[in-house]
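Student: Encoded as structure tokens, here's the structure I'll be asking about.
The values are calculated or read from the model by the stated rules, or taken from the named source; none is laboratory data. Not measured: the values here are computed from a predicted model. Cβ atoms come from the backbone with ideal geometry, glycine included; neighbour counts cover every protein chain shown. To get the accessible areas, we keep the full protein, side chains included, count just its heavy atoms, and leave off ligands, DNA and RNA. Shrake-Rupley method; radii C 1.70, N 1.55, O 1.52, S 1.80 Å.
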Amino acid sequence: MGSQSYLKALIICLIAVIGSTEAQLQLGFYAKSCPNAEKIILKYVAEHIRNVPSLAAALIRLHFHDCFVNGCDGSVLLNSTPNNQAEKDSLPNLTLRGFGFIDAIKSLVEAECPGVVSCADILALTARDSVHAIGGPFWNVPTGRRDGFISRAADPLVSLPAPFHNLTVQLTLFGNVGLDANDLVLLSGAHTIGVAHCSSISTRLYNFTGIGDTDPTLDSNYATNLKSLKCKNINDNTKLVEMDPGSRDTFDLSYYKQVVKRRGLFHSDAALLSSSTTRSIITKQLQSTEGFFAEFAKSIEKMGRINLKLGTEGEIRKHCARVNN
């Protein structure tokens, strides 16, 4: 009787070990279950990003906002319901774009392999392929993520790094998801592409300490240009400004060059100069584009592993904007 109990326990342990081994993120996760999935995604990206290169910035931002809130589980893609306000309707996410792009890719993948490829994986792969399509770095995207059920508007408010955060807050939020100072500087390098709304820098320009002043860490000439040519008053919530002037669609070292000149658009960019540690990481990136690309690839792959749902956790959504049930 005792030997039978021991045997049963051993079998249960073996099943658990096998299950945990199978439930791992891995390159080519869909090689057998949906062998054309990554080709479908790449083809769609290649056909469309060349016409709208600004989408690359939108898609990598979408990936970032997904991973920092409840992990990389596609929760940022879910629509609100009558009983729940979702992440995409949270204040920090109101300017996110690219949802329709992800939905279009999902429909193509579903037509090929129904119920197999997660929205979380599609987002991760699309972000990589779109950045690479505009000449940016390539990085490995292991797959096998599952889609989450939970998406709450309150969560981004406490989990997402914001343009007005100082270095201490940024390091804390990055640390909360297993990332460090090096990852902070490298992932901030994605600000080399894309635009921001004036609302994200209005306080920095017009009322930094509450007395109608400008952030003193911002180059005064750059501040004057922003106020006279771009964000002409504190209430401008619609106008767009390049995060990396003159290089908005080119993934390069220009962002770091702007930061060291005190011309980083956000206060969070300027904060990278407030520590010798982060300053030295910036200096290292400026040594070569190839080095920056290689380091960026490591950090964003690391980000893509935040708090994953694997194996039997979560689900594979049929439509990225809503859970299956």
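Student: Would you confirm whether or not segment 278-288 contains a residue that is open to solvent by less than 60 Å² (accessible area, probe 1.4 Å), touching a strand residue (DSSP E or B) at 6+ places or on another chain (Cβ under 6 Å) and in a loop (DSSP other than H, G, I, E, B)?
Tutor: No, segment 278-288 contains no residue that is open to solvent by less than 60 Å² (accessible area, probe 1.4 Å), touching a strand residue (DSSP E or B) at 6+ places or on another chain (Cβ under 6 Å) and in a loop (DSSP other than H, G, I, E, B).
Student: Being open to solvent by 40 Å² or more (accessible area, probe 1.4 Å), farther than 13 Å from A104 by Cβ, assigned to a helix (DSSP H, G or I) and not aromatic (F, W, Y) is the filter here, so list the residues in segment 34-69 that pass it.
Tutor: Passing the criteria: E38, K39, L42, A46, R61.
Student: What are the residues in segment 93-136 that are outside any helix (DSSP H, G or I) and touching a residue at least 60 places away in the same chain (Cβ under 8 Å), if any?
Tutor: Once the filter is applied, which keeps residues that are outside any helix (DSSP H, G or I) and touching a residue at least 60 places away in the same chain (Cβ under 8 Å), segment 93-136 yields T95, C113, P114, G115, V116, V117, S118, I134, G135, G136.
Student: Still on this structure, please answer the following. Of these, L171, L226, which one is in contact with a strand residue (DSSP E or B) (Cβ under 8 Å, 6 or more places away or on another chain) and either part of a strand (DSSP E or B) or modelled with pLDDT of 95 or more (or both)?
Tutor: Going through L171, L226 in turn, the sole match is L226.
Student: While we're looking at this one, here's another question. Would you mind telling me which numbered condition in (1) surrounded by 24 or more Cβ atoms within 10 Å (Cβ to Cβ); (2) in contact with a Lys or Arg (Cβ under 7 Å, 6 or more places away or on another chain); (3) within 17 Å of S159 (Cα to Cα) L78 fails?
Tutor: Only one criterion is unmet by L78, namely (3).
Student: Which one of R263, R204 is under 26 Å from the mean Cα position of the chain (by Cα), touching a residue at least 12 places away in the same chain (Cβ under 8 Å) and over 26 Å from V131 (Cβ atoms)?
Tutor: Selected residue: R204, the only one of R263, R204 that is under 26 Å from the mean Cα position of the chain (by Cα), touching a residue at least 12 places away in the same chain (Cβ under 8 Å) and over 26 Å from V131 (Cβ atoms).
Student: Right, another one. In contact with a helix residue (DSSP H, G or I) (Cβ under 7 Å, 6 or more places away or on another chain), surrounded by 20 or more Cβ atoms within 10 Å (Cβ to Cβ) and not in a helix (DSSP H, G or I): does that describe L179? Full working, then the answer.
Tutor: Details: in contact with a helix residue (DSSP H, G or I) (Cβ under 7 Å, 6 or more places away or on another chain): yes; surrounded by 20 or more Cβ atoms within 10 Å (Cβ to Cβ): yes; not in a helix (DSSP H, G or I): yes.
So L179 passes the test.
Student: Answer yes or no as to whether K261 is open to solvent by 10 Å² or more (accessible area, probe 1.4 Å), out of contact with any Lys or Arg (no Cβ under 9 Å at 6 or more places or on another chain) and over 28 Å from T214 (Cα atoms).
Tutor: Considered against the rule, which asks whether it is open to solvent by 10 Å² or more (accessible area, probe 1.4 Å), out of contact with any Lys or Arg (no Cβ under 9 Å at 6 or more places or on another chain) and over 28 Å from T214 (Cα atoms), K261 comes out as no.
Student: Go through segment 137-166 and count every residue that is basic (K, R) and either assigned to a helix (DSSP H, G or I) or out of contact with any helix residue (DSSP H, G or I) (no Cβ under 6 Å at 6 or more places or on another chain) (or both).
Tutor: Total satisfying the criteria: 2.
Student: Any residue that is open to solvent by 70 Å² or more (accessible area, probe 1.4 Å) and under 24 Å from R97 (Cβ atoms) - is there at least one of those in segment 190-207?
Tutor: Within segment 190-207, one or more residues are open to solvent by 70 Å² or more (accessible area, probe 1.4 Å) and under 24 Å from R97 (Cβ atoms).
Student: Kindly provide the set of residues from segment 298-325 that are of a type outside the set (K, R) and open to solvent by 40 Å² or more (accessible area, probe 1.4 Å), ordered by number.
Tutor: Hits for segment 298-325 are E301, N307, T312, E313, H319, V323, N324, N325.
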